[in-house]
Every structure is written in C-alpha cells, then in structure tokens.
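Step one of this worksheet: look at the structure below.
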C-alpha cells in the first residue's frame, strides 16, 4: 500500500462503521443488509472464519454473535482500528496485517470473508491468491464489492460529499462483474453463486477453493 493511500485509511475514525450504523440511516441500511446477505452464505459446519479488511471489527463481531461456536479472526492494515477492535471485541482474534501477506499458515480457514476491500488494494489478485492459500481445500470465500454500475457511481459521488468524504481517493481499482469473475477464476476459485443486492449497487460472490 502506498503512503498516500495509507494516509487516507489512517484518517478514517476507528469507530466509523459502528457510529455510522447507529446514526446514519443509509449506512445502517447498507451494512445491515450486507450482513444479512453474508450470513445466509455461512454454514454451521464452517468452524474457522477470517475477515480480511475487518476495520474496527463490527462486521466479524456480528458474524461471531450469530455463529457462537465458530472461531472468528480479523485482519486489517489499520493498526488503530485493530487496537480498537481488540478492546471492544475481546473474544475475536485480531491482527494488524496486510491482505497481501496474511499472517496465517496454509489451510487455516473454512471460510474467508472479504467485503469492500479489493478495490482499495494495490494488488487485488495477489490478495485473492493469499485468501486461497489460507483456505482449506474446498474451503469457501465470500467476496463483496460495488457492482461498478451507474447507480453506485452516482451514490458514491454524492456520499463522498458528506459522511463518506474520508474515503476520497481510496478506490485504487474499479471492477465490473465480468472483470471480477475473470480475476476470481484465474486464481483457481470456482464461483458457486453471485448476486446483486442493495438495489444492484453491490455484488457478492460465494467462491470455492479448487486447485489451479
């Protein structure tokens, strides 16, 4: 991650998501609906889950609450966010780490969640390969980001004029669905399902780890 982009991430408040969900109707709708969509893709048999790009830990803490027998982990490059997450959600293992170098051994997880992260990374394909490395064979990943459509582009432009202004300049890549599909498949994943949600502004893939 370059210094300019890291500076953008550092200016985001550690409790940005928690406060936004409590106080902003748009953020609450967006993230709660995303959570419901992801939860439907999780199996009780998946006992180890990693959230790549967990920020202040709200999302993976909600997953942990819904699947209390599952061991949940979260990583993020933003050290202040990780320190905050460790304090607020002590039952979850958090680490300060780069998505390009995930600090876990091969075959560590049944499920990896990566939401609204790839577009912020220097090397999104490299991050997908790291996700593949730490997944068990036939383990699954949930990949979510904006759909690249016109409605999202308008909403994103407007959002960055107000509460979302902390994210100005944070998107290093833009994806349409076909481009993302090709990248996922090139990393040796099988796409099990894909769906749009939040009025078509976001897309979520359920993918499975296969051999290249």
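Bear in mind these aren't lab numbers, they're just calculated from the coordinates by the rules spelled out. Please read all numbers here as calculations on a predicted model, not as lab measurements. Glycine also receives a Cβ, built like all others from the backbone with ideal geometry; neighbour counts cover every protein chain displayed.
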**Asked** What is the spin-label model distance, in nm, from residue 119 to residue 15 if the labels are put 7 Å beyond Cα along the C-beta direction?
**Response** 2.7 nm
**Asked** What is the Cα centroid distance between segment 177-212 and segment 34-68, reported in whole angstrom?
**Response** 18 Å
